[in-house]
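What follows is calculated from the coordinates using simple rules that are stated; it is not laboratory data. In this text, all values refer to a predicted model and were calculated from it rather than measured experimentally. No Cβ is skipped: glycine too gets one built from the backbone with ideal geometry, and neighbour counts run over all protein chains shown.
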Amino acid sequence: MKRLNNLILASFFGAALLVSSCATAPKADDAALAVLRSTCNKLKAAQTLCATGTRVSDPSLLPAGLGKENASFEVMVVRPAKIAFKVSDGNGTRRILADGQHLTLVDDKANIYDTLPGKAKTIDAVAGEIEKTFDYQPIGLELLGSDPMKTLLEGVTSGKVVGDETVGGVKCRRLSFTQPGLNWDLWVSTGDQLPRKLAMVFTDRPGQPQRTVTINQWTLNSVVPASGFVFTPGKDAHKVDIIPAR
């Protein structure tokens with residue numbers, strides 16, 4: 001699973017999760033691994049994915065002065081390499097768009113954007129391209145890549161099934177995992193086998209701050225228009241040059 005770090009674009013999109021360097025082999029029990037494998041296999045087999053939800057983060061996980069985050073998000077993916085990510089909160093709406101040829105970052109409230117070449121050929125490569133260029137990874141991509149189970153289990157030292165709980169009226173099986181510096185729980189629907197909630201506790205930070213992502217709706221293998229990944233600036237939009245992280 002991924003851990004928090006300081007980011008060049010944190011104030012633009014909010015804090016993100018970066019890959020842990022820990023390579024400890026997971027010791028999750030078979031029941032937890034079976035549920036996780038089922039949901040991950042379903043996600044990676046889908047050619048298109050759309051999801052909407054909310055994200056709540058404690059203030060210490062965000063840039064100074066922003067206060068507690070309470071945001072809504074939308075994400076669309078068309079494999080092999082198109083993604084549109086949007087997050088809205090009290091500070092406005094920000095977006096990342098990758099159409100296979102370009103990578104665009106947009107702040108709708110400020111009416112500014114930047115478009116750069118972006119020719120990654122897979123969702124995983126798009127994520128790497130975003131991270132390499134901007135030191136940023138949109139939350140949720142750990143569920144949407146070519147091998148989400150491998151990504152989620154990276155660094156995990158233990159895992160178990162907690163039991164059945166309801167999330168947004170959907171009966172789910174709750175899984176709990178631990179790793180150095182991070183405990184995280186995943187709620188997977190017992191019906192459609194899709195993730196409905198991800199809760200993280202950063203145990204290596206003062207006060208052990210928390211972040212919770214709740215997915216209200218999934219749509220898999222639907223027709224997603226190509227226009228959803230392309231940004232057309234309005235006449236009053238201003239192009240800015242975002243300095244690459246490295």
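Descriptive notes on the structure:
- Inter-centroid distance (Cα atoms) of segment 155-188 relative to segment 203-231, Å: 17 Å
- Annotation: extensible slack from Q208 through K121 equals 27.6 nm (criterion: 0.36 nm per residue apart, minus Cα-Cα distance).
- From least to most packed, judged by other beta carbons within 10 angstrom and beginning with the fewest, D108, D30 follow the order D30, D108.
- For a label point 7 Å along the Cα-to-beta-carbon line of T93, residues of segment 207-246 with backbone N under 14 Å: 228-234
- Diffusion constant of segment 118-221 at 4 °C, which comes from Stokes-Einstein with the Kirkwood Cα-pair radius and 1.567 mPa s, µm²/s: 85 µm²/s
- Counting other Cβ atoms within 10 Å as a rough exposure proxy, the listed residues C172, C50 run C50, C172 from fewest neighbours to most.
- Tensor-based shape of segment 23-221 (alpha-carbon gyration tensor, a/c under 1.5 rounded, otherwise prolate or oblate): prolate
- Label positions at D29 and S227, each projected 7 Å from the Cα along the C-beta direction, are separated by 5.2 nm.
- Compared with the alpha-carbon gap, the fully stretched path from K132 to S158 is longer by 6.3 nm at 0.36 nm per residue.
- By the count of neighbouring beta-carbon atoms within 10 Å, fewest first, D236, D192 end up ordered D236, D192.
- Positive contributions from Lys and Arg (+1) and negative ones from Asp and Glu (-1), summed over other residues with Cβ under 9 Å from the Cβ of P148, come out at 0.
- Note on D108 and E165: the model spin-label points, each 7 Å out from Cα along the C-beta direction, lie 3.1 nm apart.
- Net charge of the neighbourhood of N221, taken over other residues with C-beta under 13 Å away and scored Lys/Arg +1, Asp/Glu -1, is +2.
- Which listed pairs, of K119/K235; K82/K119; K82/K235; K44/K82; K44/K150, have C-alpha distances above 21 Å, in listed order: K119/K235; K82/K235
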